């Protein structure tokens with residue numbers, strides 16, 4: 001069975017990413033076609049990229065990098081939950097992604113974003129990064145508005161129609177994740 005990580009892509013105090021990721025996880029757990037795990041980048045205490053050797057070499061020096069590498073390598077696909085800050089993803093998520101290279105290769109990714117315009121610009125940037133990491137990102141994505149899906153811009157209260165979008169995105173991530181898993185076995 002495929003293993004998918006739902007990555008909480010913010011470490012900011014008062015972040016909304018954790019509530020959004022837990023909501024995605026609850027929807028995902030109703031499915032029987034993959035295993036889903038929440039992964040919080042905050043738990044790995046990754047400082048600004050501090051490895052002396054480029055990640056593509058896979059020669060990690062620090063325990064935090066080795067732990068992050070092992071966790072990410074254990075999955076077949078990813079769902080990135082990202083806020084949009086200043087027309088981009090969070091610095092913490094970009095930093096966490098940049099720590100690794102091979103661990104991401106030939107896997108699939110989907111996106112759940114939130115912001116004043118649904119976080120679409122953050123996802124546009126992440127799609128560029130995924131291409132460089134040889135990650136197949138899927139077309140379907142979930143876009144949440146701070147105006148309509150967060151009560152008073154704070155409490156997460158998603159419109160029920162978003163559940164269909166989550167499942168459509170997961171359908172694509174699972175299909176691509178399964179196809180790419182056969183590639184990694186060669």
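The values are calculated or read from the model by the stated rules, or taken from the named source; none is laboratory data. These numbers were taken from a predicted model, which means no experiment stands behind them. All Cβ positions, glycine included, derive from the backbone under ideal geometry; neighbour counts span all protein chains shown.
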Against the definition (closer than 30 Å to residue 57 by Cβ, modelled with pLDDT of 95 or more and assigned to a loop (DSSP other than H, G, I, E, B)), how does residue 75 come out, yes or no? yes
Of the residues that make up the stretch 128-147, is at least one free of Cβ contacts under 8 Å to residues at least 12 places away in the same chain, in contact with a strand residue (DSSP E or B) (Cβ under 7 Å, 6 or more places away or on another chain), assigned to a loop (DSSP other than H, G, I, E, B) and more than 14 Å from residue 80 (Cα to Cα)? no
Which residue out of 122, 168 is crowded, with 18+ Cβ neighbours inside 10 Å, at pLDDT 95 or above, part of a helix (DSSP H, G or I) and in contact with a strand residue (DSSP E or B) (Cβ under 6 Å, 6 or more places away or on another chain)? 122
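In the stretch 13-66, how many are in contact with a strand residue (DSSP E or B) (Cβ under 8 Å, 6 or more places away or on another chain) and without any contact (Cβ under 8 Å) to a residue 60 or more places away in the chain?
Looking only at that region, the number is 12.
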By residue number, the members of the stretch 94-107 that are touching a strand residue (DSSP E or B) at 6+ places or on another chain (Cβ under 9 Å) and under 20 Å from residue 3 (Cα atoms) are 96, 97, 104, 105, 106, 107
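Of 19, 28, which residue is part of a helix (DSSP H, G or I) and closer than 22 Å to residue 135 by Cβ?
Every option except 28 fails the conditions.
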